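Have a look at the structure below, then the notes.
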Amino acid sequence: MTVLPSADEQTRQLVELGTFLGAPRPDSVSGDDDDLVAMTADLAARAGLFVQQDDVGGINVVDGVDPEARRRRLWGDFWLEHGIPALPEPDELDVLLDRTPGEAANRLRSATQEVIRAVMAGSRASEMEAAEAPWTPADIDEHDRLSDQLNRLTNLLADCAQIG
């Protein structure tokens, strides 16, 4: 079994500090610390961490064990933004494929580029959806094209995995 990475120590310490500082103080008015509590909870979730309180009230920040927490630790913001595993950067891919036979390396590079295009199409479609301006017929056509490209993402990932 492969060991998944732990969250980095700085993130873990920030979550511990945020949890400590966000704990209700005896003299605080309800809601005073809600922003810090929410930001700390968000940081912990994004990093795949879980905050526990021990029997004496101490705070323990541990790696979450559920599948989503594991994905977040393994693939970080790429997973959160796109819902797919993080892909190697082009230079990293070249190093990884250095000893791979030419034909297989070229097929894997091509398949990875297709995945990246689909991810970029999804990002662009999301940007369009967030815009408040009315859509033109050209915008509708572009969104349809981008959506079709994004809808192929799962198959593209499967193709990539089969090549590798």
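The values are calculated or read from the model by the stated rules, or taken from the named source; none is laboratory data. Not measured: the values here are computed from a predicted model. Ideal geometry is used to build each Cβ from the backbone, glycine not excepted, and the neighbour counts take in all protein chains shown. With ligands, DNA and RNA removed, areas are computed over all heavy atoms of the protein, side chains included. Shrake-Rupley method; radii C 1.70, N 1.55, O 1.52, S 1.80 Å.
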Answer in debye to the nearest 20: the dipole magnitude of the chain about its Cα centre, from +1 Lys/Arg and -1 Asp/Glu charges placed on Cβ, is 680 debye
Could you grab the relative contact order for segment 1-140? Cα pairs under 8 Å, six or more apart, rounded to a whole percent. 17 percent
Report, in deg cm²/dmol and to the nearest 500, the calculated mean residue ellipticity at 222 nm for the chain, where each DSSP H run with n ≥ 4 adds -39500 (n - 2.57) and the sum is divided by the residue count. -21000 deg cm²/dmol
Net charge of Cβ neighbours under 14 Å - reference D144; Lys, Arg +1; Asp, Glu -1: -2
State whether segment 63-164 is rounded, prolate or oblate according to the following rule on the C-alpha gyration tensor (a ≥ b ≥ c being the square roots of its eigenvalues): a/c under 1.5 gives rounded; otherwise a/b larger than b/c gives prolate, and the remaining case gives oblate. oblate
Among residues other than L4 whose Cβ falls under 11 Å from its Cβ, what is the net charge (Lys/Arg +1, Asp/Glu -1)? +3
Just the number, please: carbon plus sulfur as a percent of the accessible area of segment 68-122, 1.4 Å probe, no ligands or DNA/RNA counted. 50 percent
Keeping all protein chains in place, calculate the accessible area per residue for segment 69-159 (probe 1.4 angstrom), answer in Å². 66 Å²
Here the gain from full extension of L21 to V56, 0.36 nm per residue of separation minus their alpha-carbon distance, amounts to 10.9 nm
Quick one: what are the phi-derived ³J(HN,Hα) couplings along segment 127-138, Karplus 6.51/-1.76/1.60 with θ = phi - 60°, whole Hz, x for glycine and proline? 4, 4, 5, 7, 5, 9, 6, x, 8, 8, x, 5
